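Remarks on the structure that follows.
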């Protein structure tokens with residue numbers, strides 16, 4: 001399975017035109033947009049971005065909102081049939097789940113919920129293979145600066161329970177990178193921070209391991225092409 005994954009586009013859809021010389025849109029199976037599709041945009045803004053993605057590729061498009069996406073954006077996602085927030089679906093026998101709300105931030109933005117409310121939203125979610133979130137899990141790819149964590153405890157609890165092979169998120173731009181996590185031992189195996197250059201990372205997962213990727217930020221021209229085959233995961237970060 002080949003996935004184009006990005007987050008934190010913040011309305012800068014011209015990035016997709018710059019990607020065309022670097023990306024074969026026809027080989028994609030899934031496009032995963034993990035929140036902040038717009039910069040406090042409206043129904044028309046979100047619809048235009050989703051339509052552009054659906055024009056460029058025949059891939060299944062999944063979207064979730066972020067804390068810079070007003071309610072009109074979620075309505076546009078739902079109207080387009082791409083919204084994955086609090087939904088599950090299957091592609092090639094892989095179970096996808098999405099969740100867009102975030103814990104409180106210092107900025108008082110949209111779609112912020114108390115941890116207790118997020119916990120209630122997620123308490124009955126069944127195991128899934130690939131998760132799309134906007135917020136990171138607590139203490140994984142979530143530091144806006146060293147020692148300060150902006151991740152979500154409830155999402156950390158969920159992935160520990162669900163054990164996804166792949167978790168995709170954004171939100172904390174400074175935390176962009178990937179973490180290989182051992183769910184059985186509840187510890188980080190490897191953590192890598194992305195640079196502002198193109199990178200390719202071929203990874204081999206052992207049983208009970210998963211890869212958690214902070215995709216930020218597409219507004220700066222960064223997207224990821226992720227290939228899944230058995231226990232192998234390849235991450236190609238493209239910066240345009």
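Values in this text are rule-based calculations from the coordinates and carry no lab data. Fair warning: this is a prediction, and the values are worked out from it, not measured in the lab. Here Cβ is always computed from backbone atoms with ideal geometry, including for glycine, and neighbour counts include all displayed protein chains.
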Relative contact order computed over the chain (Cα-Cα under 8 Å; 6+ residues apart), in percent
20 percent
Using label points projected 7 Å from each Cα along Cα→Cβ, tell me how many nm separate residue 27 and residue 120, to one decimal.
4.7 nm
Yeah, the stretch 74-168 with a ≥ b ≥ c from its alpha-carbon gyration tensor (a/c under 1.5 is rounded, else prolate when a/b outruns b/c, oblate otherwise) is oblate
How far apart, in nm, are two points set 7 Å out from the Cα along the Cα-to-Cβ line at residue 204 and at residue 188?
2.4 nm
What ratio of Cα Rg to 2.2 N^0.38 Å holds for the stretch 2-239?
0.91
Normalised by the residues of the stretch 85-141, what does the relative contact order come to in percent, with Cα pairs under 8 Å and at least six apart?
37 percent
What does the C-alpha gyration tensor say about the overall shape of the stretch 141-240? Classify as rounded when a/c is under 1.5, otherwise prolate if a/b is larger than b/c, or oblate.
oblate
Just to be sure I understand: of the beta bridges DSSP finds with both ends in the stretch 20-149, what percent are antiparallel, rounded to 5?
30 percent
For 61, 188, what's the fewest-to-most ordering of other Cβ within 10 Å of each Cβ?
188, 61
For the chain, what is the calculated [θ] at 222 nm in deg cm²/dmol (nearest 500), taking -39500 (n - 2.57) for each run of four or more DSSP H residues and dividing by its residue count?
-6000 deg cm²/dmol
Distance in Å, no decimals, from the C-alpha centre of the stretch 189-221 to the one of the stretch 131-187 is 12 Å
Considering only DSSP beta bridges whose two residues both sit in the chain, what percent are antiparallel, to the nearest 5?
60 percent
